[in-house]
2 protein chains.
Amino acid sequence: MRNVDKKDVPAVTVPRLALYLRKLRELRARGVERVSSKDLAAMIELNAAQIRKDFSYFGEFGTRGVGYGVQRLIDEISHCLGLDRSWNVVIVGAGLMGTALARYRGFGEQGFHLVGMFDRSETVIGASYGAGRVRSVAELEEFCRAEKVDIAMVTVPATEAEATIQHLAAIGVRAILNFAPVKVRTDVDVLVRQVDLSSELMSLSFYLDREQG
Amino acid sequence: MRNVDKKDVPAVTVPRLALYLRKLRELRARGVERVSSKDLAAMIELNAAQIRKDFSYFGEFGTRGVGYGVQRLIDEISHCLGLDRSWNVVIVGAGLMGTALARYRGFGEQGFHLVGMFDRSETVIGASYGAGRVRSVAELEEFCRAEKVDIAMVTVPATEAEATIQHLAAIGVRAILNFAPVKVRTDVDVLVRQVDLSSELMSLSFYLDREQG
DNA sequence: GAATGTGAATTTATTCACAGCA
DNA sequence: TGCTGTGAATAAATTCACATTC
């Protein structure tokens with residue numbers, strides 16, 4: 001193990017780890033106990049050396065001549081991704097997208113716990129979203145400190161996204177998943193990842209247009 | 001203009017074009033008529049040469065010593081992305097995510113027209129989603145041919161995603177935006193882009209974990 | 001003088017190919 | 001023998017730096 005600190009892990013490796021993890025869990029569910037980089041590579045249409053190299057940034061997880069233990073690999077990758085703890089998540093913006101996310105069960109299973117939901121509008125504050133009630137954004141600061149919120153999913157309208165993210169950053173929320181189609185600059189150091197559906201559609205449009213001439 | 005056919009445009013350039021387009025529309029809305037690659041680069045925190053090189057795969061859109069006309073650039077990039085036409089889109093899966101997407105106005109403005117929405121479940125078929133009614137997936141094939149559907153957004157449960165995407169591909173839908181957390185292999189040649197929220201959260205987790213040690 | 005467009009240089013990512021070990 | 005782990009080779013993407021044009 002040379003590279004145990006994550007300093008020089010290529011940016012492209014990180015989302016791939018999530019991909020490997022998903023496929024490995026699928027294999028485990030099917031009762032598979034052992035897998036080679038070659039097999040895994042075939043399943044997700046990738047180069048086998050790529051997979052081995054990605055692992056090599058973190059340690060040696062396999063056995064030469066044999067392959068990888070599925071459960072072992074799941075544990076190792078989970079650890080690499082910081083998933084052997086749970087993270088507290090809030091949703092800011094209780095519109096359609098926000099409530100859709102709130103009701104999705106999948107995140108909790110991965111260790112992302114939805115602890116609160118916030119909105120600016122009086123008409124939705126107090127409404128139930130399954131396991132809780134929508135709170136006023138005025139309560140955000142106190143709530144985030146008290147509940148040790150790690151991640152915010154921002155599903156407010158585009159016009160409010162910048163101010164919302166600045167606010168969250170100032171409050172001390174260190175990571176944001178932003179669904180508004182705006183790239184936000186922040187003075188404070190905060191991780192922002194963008195979920196940009198228009199941009200995805202445009203990429204499809206580009207390749208469709210190329211195909212059709 | 002050397003590279004008018006899109007054959008050798010780097011994959012990473014395409015989503016950046018969408019990003020430029022958004023910022024340029026924002027500038028236009030503010031009444032800005034001219035912009036330099038340096039200014040644009042500062043706004044989106046990118047290298048200016050990167051922007052110029054991205055454009056250079058398609059042609060020469062600027063004026064030396066002067067810069068770029070905002071409207072001209074919007075038109076050129078729209079053309080590059082295949083956005084000077086409209087695309088017909090369906091949503092398959094009328095759950096929370098599907099209906100949230102259906103009600104979002106933003107796509108229509110970009111030339112992506114929602115023409116239909118489908119589900120397997122009898123309990124939601126016939127329900128209204130704003131501009132139409134949910135149809136049975138049994139009608140998919142006929143509908144897609146009649147309405148010349150270009151793109152499907154797939155928001156069915158993970159367990160049904162693979163079969164749904166195979167079906168859409170067989171029917172002749174050439175591009176899919178998949179919200180289910182499964183990477184799908186298809187025999188037929190179809191463009192699939194993945195919107196993977198768990199994976200995004202895991203990436204945030206990775207970097208958060210690194211910060212906190 | 002100012003900013004584009006682009007070869008060349010650099011950096012980053014992927015793939016090859018093989019030594020090392022079960 | 002079979003598959004990992006990894007330096008070396010290759011490919012891709014980014015950035016530099018400057019000739020070119022307004």
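Rounded, prolate or oblate: which one fits the protein assembly as shown, using the alpha carbon gyration tensor with axes a ≥ b ≥ c (rounded when a/c is under 1.5, else prolate when a/b beats b/c, else oblate)? Rounded, since a/c falls under 1.5. For region A:39-99, applying the loop criterion from DSSP together with a ceiling of 16 other beta carbons within 10 Å to the GluC sites (Glu not before Pro) yields A:GLU45, A:GLU60. Sorted from shortest to longest, the distances between the A:ARG28 label points of this copy and the other copies are 5.0 nm, with each point 7 Å from Cα along the line through the beta carbon. Under a 5 Å amide H cut-off, with hydrogens placed 1.01 Å from N, B:ARG135 pairs with B:MET117, B:PHE118, B:ASP119, B:GLY126 among residues at least 5 apart or on other chains.
Using a cut-off of 24 Å between Cα atoms, the listed pairs A:LYS183/B:LYS53; A:LYS53/A:LYS148; A:LYS23/A:LYS53; A:LYS53/B:LYS183; A:LYS38/B:LYS183; A:LYS183/B:LYS183 include A:LYS53/A:LYS148; A:LYS183/B:LYS183 as exceeding that distance. What residue among B:LYS53, B:LYS183, B:LYS148 has the largest mean-square fluctuation in a Gaussian network model of chain B, using Cα springs under 10 Å? Its mean-square fluctuation being the largest, the pick is B:LYS53. Can you give the helix-only mean residue ellipticity at 222 nm for chain B, where every DSSP H stretch with n ≥ 4 adds -39500 (n - 2.57) and the sum goes over all residues, rounded to the nearest 500 deg cm²/dmol? One gets -13500 deg cm²/dmol as the mean residue ellipticity at 222 nm.
Residue by residue, region B:75-91 carries 3J(HN,Hα) couplings of 5, 5, 5, 4, 5, 4, 7, x, 9, 8, 9, 10, 10, 8, 10, 10, 10 Hz when phi is fed to the Karplus relation 6.51 cos²θ - 1.76 cosθ + 1.60 (θ = phi - 60°); x denotes Gly or Pro.
Inter-copy label distances at B:SER121, using a point 7 Å along Cα-to-Cβ, come to 2.4 nm with the shortest given first. Residue and distance for the chain A Cβ closest to the axis that moves A onto B, in whole Å, come to A:ALA100, 2.
Which distance in Å, rounded to a whole number, links the C-alpha centroids of region B:5-69 and region A:1-80? Here the answer is 37 Å between Cα centres. Couplings 3J(HN,Hα) for region B:154-161, derived from phi with the Karplus relation 6.51 cos²θ - 1.76 cosθ + 1.60 (θ = phi - 60°), are 9, 10, 7, x, 3, 5, 9, 4 Hz, where x marks Gly and Pro. Mean sequence separation of contacting Cα pairs (under 8 Å, at least six apart), scaled by the length of region B:59-213, corresponds to a relative contact order of 17 percent.
Just so you know, all these numbers are worked out from the coordinates, no wet-lab data involved. From a predicted model like this one, the values you see are computed outputs, not experimental measurements. Cβ coordinates were reconstructed from backbone atoms using ideal geometry, including for glycine residues, and neighbour counts include every protein chain displayed.
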